[in-house]
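Okay, structure first, notes after.
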Amino acid sequence: MRHITEPARTTDVVVETDVLVVGSGPGGLAAAIGAARAGARTTLLERNGCFGGNITAVGVEGFAWYRHEQTVDSEGIGVEFEERAIAMGAATPEPQSTSHALDAEMFKYVADVLVEEAGVHPMLHRLCVAPIVEDGSIRGVITESKSGREAILAGRVVDATGDADVAARAGAPTHKTPKEEMLSASVMFSMSGVNKRRFIEQVRADPQTYRDWAGNAEWDIETTGKEDDLFSPFLRKPFKQAVAAGVIPPNLITLAGTWGSVTDQGDLTYLNLVHLAGLDGTDADDLTRGEIEGRRQAIHAVEALRRFMPGCEDAKLRNFGMTLGIRDTRKIDALYNLTADDVREQARFEDSIGIFPEFIDGYGVLVLPTTGRYFHVPYRSLVPRGVGNLIVAGRSIGGDKISHAAVRSMMCCTVSGQGAGVAAAVSLRTGLPFDRLDVRQVQHELERQRVRVH
């Protein structure tokens, strides 16, 4: 590979802040609000033109689709996201649970309101390209944007990129599942012009359950059994019919998945039907290939639904998500790395910063929290080794594959996010580094913010 040498240059410092949160998905948005509510001057940095990440940029509207009557759910900012979305007309009842699906477009505005109310300094359209590290501690980041190259200095930094970008580039140890074992990426899309009455009549005439997910080798899953007979808004048959009829290519045997909601206006939303294996979300070439291939498959899925799903005869594509949905990339080597036993067997930790239900979705395992079981999310899993002044929120916290299949959930990302943001504020206030922080002070502030810690 050829190289060039860039000339040395000085970079303007445009912001100095107490807490800088990099990335505004569910984890980053919760971190920024939590830090601000704990009294820290907080800046939220986002590469796109809206906050919300997986909700808004990707279009994943099923925020808490795991929730059932007996679920003991998380409390805190994540629940507040849902409550505010309902109050602001940005949510509809979710078909397979007691939760609400968030309207991805309207939630962009909900997120704006939450950020403004909390007094967070918003910085959209800026990509973090490098951390600023001095003497083993992070001091801020370098960004690139239409405004050029800029520096942001911060007392504490929260890496909420989802890919541990800041942690990895700052020198913290991270690891990735081998590409061939990574959870697949998805292209989310929605359709308009659906006849709701005919669509729902078909769903009721041929109801699908979670057992139907395991209909072929591409969807082989392990459950506890209690999930098997529950209703799932699952679609596979139209795509099998389309392949058999020669309407879509025969290699598209992996087209299957769920729909989120169908509105009175005929919008069929959050179609999670395209699953792309063998993509590394930290590789721009893989992302390029996935975006193009994913849209191609989505168009085939639309045609299959038009031909073989009652109610969709006159429907058409409404929109794609702004970017691919990535489930699995880097994870930090944390002070404590969660295990499969932790999330399966209701682990309890003295340094808990929140609870999350026994919900696992990934690597061939599906467990739904229908019996009230839950585990603690430990503070130590947010703290990377090797770099000072840095804490991590969201799906890249420390853990193994099965624990990742739990903590990657958007609601659990808000648990680690709010915990990380509050910890950053407490760390600054007390002058203690993250690896020596008095977690009881973090817990007290989280409880003040209506988080259930134990």
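The values are calculated or read from the model by the stated rules, or taken from the named source; none is laboratory data. All values reported here derive from a predicted model rather than from experimental measurement. Backbone-built Cβ (ideal geometry, glycine too); neighbour counts: all protein chains shown. Just so you know, the surface numbers come from the protein's heavy atoms only, side chains and all, with ligands and any DNA or RNA stripped out. Shrake-Rupley method; radii C 1.70, N 1.55, O 1.52, S 1.80 Å.
Taking the Cβ-Cβ separation of Val13 and Arg429 as r and a Förster radius of 22 Å, what is the calculated FRET efficiency to the nearest 0.05?
The computed FRET efficiency comes out at 0.40.
Which of the peptides 37-45, 333-341 is most tightly packed, and how do the rest follow, judged by the mean count of other Cβ atoms within 10 Å per residue? The partial results should precede the final answer.
Values: 37-45: 24.2, 333-341: 18.1.
Result, highest mean Cβ count within 10 Å first: 37-45, 333-341.
Treat every Asp and Glu Cβ in the chain as -1 and every Lys and Arg Cβ as +1, leave all other atoms uncharged, and give the resulting dipole magnitude about the Cα centre to the nearest 20 debye.
440
Let me check I've understood the local charge: for Leu287, count other residues with C-beta under 14 angstrom from its C-beta, Lys and Arg +1, Asp and Glu -1. What total comes out?
-4
Per DSSP H run of n ≥ 4, the term is -39500 (n - 2.57); total these for the chain, divide by its residue number, and report the mean residue ellipticity at 222 nm rounded to 500 deg cm²/dmol.
Values: 11 runs with 130 residues, N = 454.
When only DSSP H runs of four or more count, the value is -9000 deg cm²/dmol.
Put +1 on the Cβ of every Lys and Arg and -1 on every Asp and Glu Cβ in region 140-285; which of Val247, Asn272, Ala214 then has its Cα farthest towards the positive end of the dipole?
Most positive-ward Cα: Val247.
In debye, nearest 20: dipole of region 243-361 around its Cα centre with unit charges on the Cβ of K, R (+) and D, E (-)?
Using only the charged Cβ atoms, the result is roughly 600 debye.
Peptides 301-310, 393-402: what's the order by average Cβ count within 10 Å, highest mean first?
So the order, starting with the most tightly packed, is 393-402, 301-310.
Give the distance, in whole Å, between the Cα centre of region 157-221 and the Cα centre of region 103-125.
24
Need one word for region 5-46: rounded, prolate or oblate. Basis is the Cα gyration tensor (sqrt eigenvalues a ≥ b ≥ c); a/c below 1.5 gives rounded, then a/b vs b/c decides.
Numbers: a/c = 5.02, a/b = 2.01, b/c = 2.50.
Judged from the Cα gyration tensor, region 5-46 comes out oblate (a/c at least 1.5, b/c at or above a/b).
Based on DSSP H assignment, which helices of the chain show an axial Cα extent of at least 18 Å together with a mean Kyte-Doolittle hydropathy greater than or equal to -0.5?
Going by DSSP H runs, the hits are 104-118, 410-430.
Given the C-alpha centroids of region 34-89 and region 317-393, what is the distance between them in whole angstrom?
The distance from the Cα centre of region 34-89 to that of region 317-393 comes to 16 Å.
For the chain, what is Rg from Cα atoms divided by 2.2 N^0.38 Å, rounded to two decimals? Display every interim value, and only then the final one.
Details: Rg = 21.6 Å, N = 454, 2.2 N^0.38 = 22.5 Å.
Its radius of gyration relative to the 2.2 N^0.38 Å reference: 0.96.
Ignoring ligands and nucleic acids, what accessible area does Val22 show with a 1.4 Å probe (Å², nearest 10)?
That residue has around 10 Å² of solvent-accessible surface.
Place the peptides 155-167, 314-326, 238-250 in order of packing, highest mean first, counting for every residue the other Cβ atoms within 10 Å and averaging per peptide.
Highest-to-lowest ranking by the protection proxy: 155-167, 314-326, 238-250.
State in Å² the accessible area per residue of the chain; use a 1.4 Å probe, count heavy atoms of protein chains only, and round to the nearest integer.
Working: 18280 Å² over 454 residues.
Result: 40 Å² per residue.
Give me the percent of the accessible area of region 91-145 that comes from carbon and sulfur atoms, probe 1.4 Å, all protein chains in place.
Details: 1270 of 2470 Å².
Summing carbon and sulfur atoms, their accessible area is 51 percent of the total for region 91-145.
Which of the residue pairs Lys179/Lys401; Lys196/Lys240; Lys108/Lys179; Lys331/Lys401; Lys108/Lys401 have a Cα-Cα distance greater than 20 Å in the structure shown?
From the list (Lys179/Lys401; Lys196/Lys240; Lys108/Lys179; Lys331/Lys401; Lys108/Lys401), the Cα-Cα distance tops 20 Å for Lys196/Lys240; Lys108/Lys179; Lys108/Lys401.
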